[in-house]
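Everything below concerns the one structure shown next.
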Amino acid sequence: MILKHRTPIFHSICILQFAICNLQFVALKSRAIGNELDDQVLAAEQQRIATIERISKPTVAIFDANGQGGGSGVLISPDGYALTNFHVAGPTGPALKVGLSDGRLVDAVLVGLDPGGDVALIKLLGHDDFPAAELGDSDTAQVGDWAYVVGNPFLLADDFRPTVTYGIISGVHRYQYPSGTLLEYADCLQTDAAINPGNSGGPLFDSAGRLIGINGRGSFEKRGRVNVGVGYAISINQIKRFVGLLKSGRIVDHASLGATVSTDADGRVVVDDILDSSDAYRRGLRYGDELLKFGNRDIHSPNAFKNALGTYPSGWRVPITYRRDGKEYETRVRLAGMHRQGELEELLDVEQQSPLPDQPRRGDPPQPPDQPNPDKQPPRDSPAPDDKPKTPEDRRRARRPRSQAKLPKAVRPFYEAAPGYANYWFNRYHLQRVWNSYLARGDFAETGWNWNVAGQAVAGGDVAIELSENEGSIVLPAGESGEEFGPSLTETSGPPHSGGLLAALHLWQRLLLLGPRRFGEVFYLGTLPWGQDEKLADCLAATHAGVETYFYFDPEAGNLVGIQLYLSDEDDPCEIYFADIRGVNGRSLPHHWVIRHGDDVFADIVIKSYDFGAANSQSSPK
Amino acid sequence: MLSPENSIRVAGVSASTPHCAFRTPHFRVHVRAVAVAVACLLTGAADAWASDGAASFAQVARQIQPKVVKLYGAGGMRGLEAFQSGLIISGKGHVLTVWSYVLDADEVTVVLDDGRRFSATHVSSDPLTEIAVLKFDPGDSEVPHFDLSAAATAEPGARVLAFSNLFGIAAGDEPVSMLRGVVSAVAPLEARRGAFATNYRGDVYIVDAAANNPGAAGGALTDAQGRLLGMLGKELRSSLTGTWLNYALPVSAFASTVDDIIAGRFTPSDLKEVDRPDHPLSLAALGIVLVPDVVKRTPPYIDRVVPDSAATTVGLRADDLLVMIESQVASSCREANRLIERLEHDAAVRVAVLRDEQFLEFTLKAEAKTPADNATE
């Protein structure tokens, strides 16, 4: 009270004195309580320092090839794969410059794009010992957990040493409407650790320093384009599903169920529309069914469904539970893509050409998207502070595949333009990797077309399969069946109810004998879950004679673990699950086949012998 | 001025000293804030405290989030959000929130953290503190709620948590958002909304979290253990600096009013006994007759002026719209009456009216022997 009328100078001295005294008191206090608290606090502090040290290393600053633009990213493997936002890497074009926390600036190349989820995969070049972040489990994040945001806000660091902000998880499983037609943030994490322009694409870590998200958005309104306590990160669990697909160099699509839901008068979430060509329909889902679970998530509202669906890539298989007439049904549904072939690319071009709309969608929930504001520049002249190129023209140019010659020398060997691809080079590379790794398990080029496979059905009874270049037959306990392999295989569905087992075996032969280059159109799809244990498998997508076939390979052993044949888009595929893979004369071959079609197991066969006969030099390619 | 007691307080929150914290002279608040901030840096990691037996923030979140609701009502245009937040303050479904245009709707919807939706009725509101109490019917089940009588207080430097549906993020069947921060100061609210000063001028908690965003008004400010400290206010700028304020009204500012409202002892036009003049002025005494008060917010148009009254003398006319009474906005007939009744019967009263798009000011004084009673509608 008595200090009330003193001068300001006196005040500041007072403040200082007060502060110092308080320091002493605190020191005294902790001494009085004993060393216990002291040690705990110091240990926590040390732990935090160590964590920040550790999580700073894999965090990178991202620029375009000229050192302009800018955002953040995080390394996820020692060989240089790094995650960032689509809205950071999309506009830069295929060549990027990446600043590491130790001050190095290295070249990087665009690998894959997930425009729907605002994720991009890039690869840093020239080293194989990059510091990689440890991936966490974003589903275990809870509101109130401490979290770190690391990145390059306002492009502050000249030496690329990232900025660290600290806060808590403010919300989990949040949904943020797409900004424009893309960039939907489904099931994202919300944090109050500061996320500012330039943080886009950078990592969100949990308190133990595990990567749980990629920051990319904030809620801003009248207070300007700076943090106001609300930032969003794409969950790492969503990204884990996409990374293996992004490595294919493709522009990866998100999933659709082929059915929509709404709330009925009783508050139940029911199917209000369903495509009869969808897998959901074939698995039994019908108009009016109540959707209870999707991907092991309880669905209490259409929003919750949209939130869960948004985290899946096209092609993923998801368990669902629905209820009809009081009875619950469980099944697994293969998700289709959201966009038709080429549609996503067109959207990208449109999106890149027109600036994002100024006003977010209103209503419930009214949520402003992360809006770049061209008038408001962060307080630096250079490099350019925004996450996006300046004009629509820049954006269009950025999207157009650049001619090889204009790329930096270091990037040139790792980039190849192709429609539908962010970078076709990676598709070629991984296709070759998968194929080489399979060939290492045995070269089939010399076996010839004439195969005799003998086995026994698990349920009892002999099985004999005969294959040649133009026809095949199978003897099963239930009966005998044969097919001719003509120029079109779309009608080759035998044996009945198998979905095209003989055609699938024929195409397996074709791949083995001709290799992916001469098979027809073959590309590397990426990794998808396969088999009982849902392990991620490398998938080659192959088109020949009007049918699509997917070949699944164990990424570690290199073995072929499955074949999936689609005679048409409207039918269930024939699926062969291979197991008990053993060497026969230097070739790895599956000795247990489970053949599925739709909901049913068509056959479960233990293979006793493979007989490749004499190599037929006429039809054998080499 | 330094005492060991001071340094102990920095460590956290005192639940036992309810009112004294808000009497601190202004500058001393700053002194303490700085000192406490330094001390906090020293003691550092509060997350270490969590392992020390206290509840973790995640536990606090689970405990608090079911007591904070999302409110949906009027708005949704021209940058006006149609949503805000509220605190459940009784097991029977009383909801405390900030009075705003959002509540000025035929139906206000209360959405709980698990997505359950209820229609709420307006119980009462207090224009002075700008709080409102709503009620929804949770049926037979008792809903989790805050107990205002068990609220705590905090000093500068204390860790706080803010719970609200800021930006309307929690749009689905999901709980509200949680932000963390520190009490920066406990100081009188000097703020404005547009050109208008706020009614409430008492002490508030100023926090360093960006707590008061669109939709946050009516949310909870708790201490690190989840004890209620106050209610987040609407978005305001400091009248001193023009910056956006992050603040919460302390529970002590509204607890008794809320008690009165729930107990049915409170009516909005009631003024506190101390404020009510012994012989209040009335519009009738001035010779002003307003249009019939037909809706909740009837604009206070003058229907007619009584001949030979003060109103006639100064030149007020029928169809004038009363805008201000003694520098206070008269937004409705009810409000106009209430503002007038705050004045002594013989006070000279300054009014501003809108006539043909012009503001006109008049000062008038009730004549001693006006046949006031006859003029009452």
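The values are calculated or read from the model by the stated rules, or taken from the named source; none is laboratory data. What you are looking at is a predicted structure, and each value in this text was computed from that prediction instead of being measured. When we count neighbours, we look across all protein chains shown, and the Cβ atoms used for this are built from the backbone with ideal geometry, even at glycine. The protein model used for the area step is the full one, side chains on, heavy atoms only, and it has no ligands, DNA or RNA in it. Shrake-Rupley method; radii C 1.70, N 1.55, O 1.52, S 1.80 Å.
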Original post:
Per-residue accessible area for B:L240 at 1.4 Å probe radius, Å² rounded to 10?
Top reply: 120 Å²
Original post:
Restricting attention to region A:309-338, which chymotrypsin sites (Phe, Trp or Tyr not before Pro) occupy a DSSP loop and are surrounded by at most 13 other Cβ atoms within 10 Å?
Top reply: none
**OP:** Would you kindly state how much longer the chain becomes between A:D158 and A:D349 on full extension, computed as 0.36 nm times their sequence separation minus their alpha carbon distance, in nm to one decimal?
**Re:** 65.5 nm
**OP:** Arrange the peptides A:557-565, B:142-150 so that the one whose residues have, on average, the most other Cβ atoms within 10 Å appears first.
**Re:** A:557-565, B:142-150
Original post:
Given the Cα-Cα distance of B:S239 and B:L321 and 0.36 nm per residue of separation, how much length would full extension add, in nm?
Top reply: 26.7 nm
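So if R0 is 56 Å, what FRET efficiency would A:D102 and A:D569 give, r being the distance between their Cβ atoms, rounded to the nearest 0.05?
0.65
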Original post:
Put +1 on the Cβ of every Lys and Arg and -1 on every Asp and Glu Cβ in region B:287-342; which of B:A318, B:V306, B:A330 then has its Cα farthest towards the positive end of the dipole?
Top reply: B:A330
**OP:** Could you tell me the accessible area of A:S207 in Å² (1.4 Å probe, neighbours in place), rounded to the nearest ten?
**Re:** 60 Å²
**OP:** Return the carbon/sulfur percentage of the accessible area of region A:115-225, one whole number, probe 1.4 Å, all protein chains in place.
**Re:** 49 percent
**OP:** Work out the mean other chain Cβ neighbour count within 10 Å for the residues of B:160-173 and drop it here as an integer.
**Re:** 6
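Please work out the FRET efficiency for the pair B:D259 and A:H127, using the Cβ-Cβ distance as r and a Förster radius of 60 Å; give the result to the nearest 0.05.
About 0.30, to the nearest 0.05.
Which order do A:F154, A:F414 take by accessible area at a 1.4 Å probe, largest first?
Order by accessible area, largest first: A:F414, A:F154.
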Subject >> Rg/Rh for region B:217-355, where both radii come from Cα atoms and Rh is the Kirkwood radius >> reply: 1.08
Original post:
Put a dot 7 Å past each Cα toward the Cβ at A:R54 and B:R355; how far apart are the dots in nm?
Top reply: 7.7 nm
**OP:** Could you rank A:K123, B:K70, B:K92 by how accessible they are, 1.4 Å probe, largest area first?
**Re:** B:K92, A:K123, B:K70
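If you take the beta carbon distance between B:A347 and B:R201 as r and set R0 to 22 Å, what does 1/(1 + (r/R0)^6) give as a FRET efficiency, to the nearest 0.05?
0.55
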**OP:** Please sort by residue number the trypsin sites (Lys or Arg not before Pro) in region B:182-261 whose DSSP state is loop and whose Cβ has at most 12 other Cβ atoms within 10 Å.
**Re:** B:R201
Subject >> Extended-chain gain in nm, criterion 0.36 nm per residue less alpha-carbon gap, A:Q456 and A:S207 >> reply: 84.2 nm
Original post:
So how much accessible surface do B and A hide from each other in total, probe 1.4 Å, in square angstrom to the nearest 100?
Top reply: 4500 Å²
